[in-house]
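In what follows, a structure is listed as structure tokens, so that the remarks can point back to it.
Just so it is clear, none of the values below were taken in a lab; they were calculated from the coordinates. It should be emphasised that the depicted structure is a prediction, and the values quoted were computed from it without experimental measurement. No Cβ is skipped: glycine too gets one built from the backbone with ideal geometry, and neighbour counts run over all protein chains shown.
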Amino acid sequence: MKEVGAKQIRGSAWAVDGGISSFVFEKGTPKPEGWKNSFTNEQWEYMPAKGRKASKEIYDKVQALPIVPYEVFKDLIEYDWYDHDTNRISFCPGINWFDEYVLVAIAEQYPRYKPVKGMVEITTGEYNKLADRVKPRKK
């Protein structure tokens, strides 16, 4: 982040954890040479562009960052996609990462899901207490 002058990074939108989907710069910061607008189309959010000499070094560093793809996480917790009456489909549960634990939110509309070994099923109230008690880890 400091290396490129960004004030913030956004984690990968295509992974449960890790990676970078964009660098957020101060308002009015011009797009660095060899960079592109981020997929969010937000002003002052950029990513190094693939195949550009000016951004190759930082592009390669971003690509080398470890990620946890959604499919890997879903396989780990044995979560399958679920559909329900409202024409919505859930391909991955909600996830909150903390230093001490990971909270996995699975809507009650998906009664087929059974926690795997090592997971503990808790009530919504217990979930909310745990989510409020500890600050999420910094990425």
**Request:** Run down the aspartates and glutamates and flag those whose C-alpha is under 19 Å from the C-alpha of Lys53, throwing out any fewer than 8 positions away in its chain.
**Result:** Glu3, Glu33
**Item:** Label-point separation, Lys53 to Glu26 (7 Å along Cα→Cβ), nm
**Value:** 3.0 nm
**Item:** Cα Rg, Dmax (largest Cα-Cα span) when computed across segment 8-67, Å
**Value:** 11.1, 31
**Fill in**
Going residue by residue through segment 33-39, the Karplus relation 6.51 cos²θ - 1.76 cosθ + 1.60 with θ = phi - 60° gives ³J(HN,Hα) values, rounded to whole Hz and with x marking Gly or Pro, of 4, x, 9, 10, 5, 6, 5
**HN-Hα J in Hz across segment 22-30 - Karplus 6.51, -1.76, 1.60, θ = phi - 60°, x for Gly and Pro** = 6, 9, 9, 10, 4, 3, x, 6, x
**Message:** Could you give each residue of segment 43-50 its phi-based ³J(HN,Hα) in whole Hz, using Karplus coefficients 6.51, -1.76, 1.60 with θ = phi - 60°, and x for Gly or Pro?
**Reply:** 5, 6, 10, 9, 9, x, 7, 5
